[in-house]
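Engineer: Sharing a structure below in structure tokens format, with a few things to ask.
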Amino acid sequence: EAGVAQSPRYKIIEKRQSVAFWCNPISGHATLYWYQQILGQGPKLLIQFQNNGVVDDSQLPKDRFSAERLKGVDSTLKIQPAKLEDSAVYLCASSLRGRPTGELFFGEGSRLTVL
Amino acid sequence: GNSVTQMEGPVTLSEEAFLTINCTYTATGYPSLFWYVQYPGEGLQLLLKATKADDKGSNKGFEATYRKETTSFHLEKGSVQVSDSAVYFCALSDTGNQFYFGTGTSLTVIP
């Protein structure tokens, strides 16, 4: 079974530029998450999708971050314009809907450096 | 609200030493509890989980018991190996399938 795919793995941009990250979850996984992991910290949820609907985006900085999940499969996360503090690893994860499975499957992450 | 607190690192142990990484949680309702591990250069992967009180999760020699009375889920291993060097994250999920992670504990095992 293929895992969660993310790209690009690494991205370096100047502040005020834009960047987009792509995620392909595990086939059949209805729930998709984007997390931000700053060095030395735990993952922080940015947005959670159930199929193509948003479940929780309360911690997404909506003035600069946007995310979509068209057709309930792939997802993209965009940052525009980027700030220095956006330097982090952006993790995509997916899970089957409902409990007790509850397990998150993570991609390898996209490391963003903003200069 | 829901939150997870885990002991800060970094932790450095000699091979074959006993490991404990403490984790406590705050939650409404009855969450599921998890330990995730992140090996160098890799993504997070599930190490073990427990879905109800008094459950014990175990995998690769690691164990953790869901203690509702102390709201804890401490990770233990009797004899660590160099290959266990990684960052360990405690996490909980609530009924909405929302996950809350601790800050992570870095473990280095030296030969």
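Engineer: Could you please find all residues in the stretch A:31-52 being assigned to a loop (DSSP other than H, G, I, E, B), of a type outside the set (Val, Ile, Thr), surrounded by fewer than 17 Cβ atoms within 10 Å (Cβ to Cβ) and within 11 Å of another protein chain (Cβ to nearest Cβ)?
Structural biologist: Selection gives A:Leu39, A:Gly40, A:Gln41.
Engineer: Ok, one more. Among (1) surrounded by 18 or more Cβ atoms within 10 Å (Cβ to Cβ); (2) at pLDDT 95 or above; (3) under 26 Å from A:Cys92 (Cα atoms), which single condition is B:Val80 missing?
Structural biologist: Only one criterion in (1) surrounded by 18 or more Cβ atoms within 10 Å (Cβ to Cβ); (2) at pLDDT 95 or above; (3) under 26 Å from A:Cys92 (Cα atoms) is unmet by B:Val80, namely (3).
Engineer: Something else about it: When you look at A:Val89, is it surrounded by 14 or more Cβ atoms within 10 Å (Cβ to Cβ) and away from every other protein chain (no Cβ under 12 Å), yes or no? Let's see the steps before the verdict.
Structural biologist: On the way: surrounded by 14 or more Cβ atoms within 10 Å (Cβ to Cβ): yes; away from every other protein chain (no Cβ under 12 Å): no.
Taking the combined requirement at face value, the residue does not satisfy it.
Engineer: Note down all Cβ pairs under 8 Å where the first residue falls in the stretch B:7-28 and is over 16 Å from B:Gly102 (Cβ atoms) and hydroxyl-bearing (Ser, Thr, Tyr), the second is at pLDDT 95 or above and surrounded by 16 or more Cβ atoms within 10 Å (Cβ to Cβ), and they're at least six residues apart or on different chains.
Structural biologist: So the pair list comes out as B:Thr12/B:Leu107; B:Thr12/B:Val109; B:Ser14/B:Val109.
Engineer: Within the group B:Leu75, B:Leu107, which residue is in contact with a Pro (Cβ under 9 Å, 6 or more places away or on another chain), more than 11 Å from chain A (Cβ to nearest Cβ) and surrounded by 15 or more Cβ atoms within 10 Å (Cβ to Cβ)?
Structural biologist: Matching residue, one of B:Leu75, B:Leu107: B:Leu107.
One line per residue, one yes/no per condition, for (1) among the small types (Gly, Ala, Ser); (2) part of a strand (DSSP E or B); (3) closer than 23 Å to B:Asp94 by Cβ:
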{"site": "A:Arg16", "(1), (2), (3)": "no, no, no"}
{"site": "A:Val54", "(1), (2), (3)": "no, yes, yes"}
{"site": "A:Gln59", "(1), (2), (3)": "no, no, yes"}
{"site": "A:Ser66", "(1), (2), (3)": "yes, yes, no"}
{"site": "A:Ala82", "(1), (2), (3)": "yes, no, no"}
{"site": "A:Ser94", "(1), (2), (3)": "yes, yes, yes"}
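Engineer: Which pairs do you get when a residue that is more than 14 Å from chain A (Cβ to nearest Cβ), found in the stretch B:80-100, comes within reach of a residue that is in a loop (DSSP other than H, G, I, E, B) and modelled with pLDDT under 90, reach meaning Cβ atoms under 9 angstrom, with the pair 6+ apart or on two chains?
Structural biologist: B:Ser85/B:Pro40
The values are calculated or read from the model by the stated rules, or taken from the named source; none is laboratory data. Not measured: the values here are computed from a predicted model. Methodologically, a virtual Cβ is constructed for each residue, glycine included, from the backbone with ideal geometry; neighbour enumeration extends over all protein chains shown.
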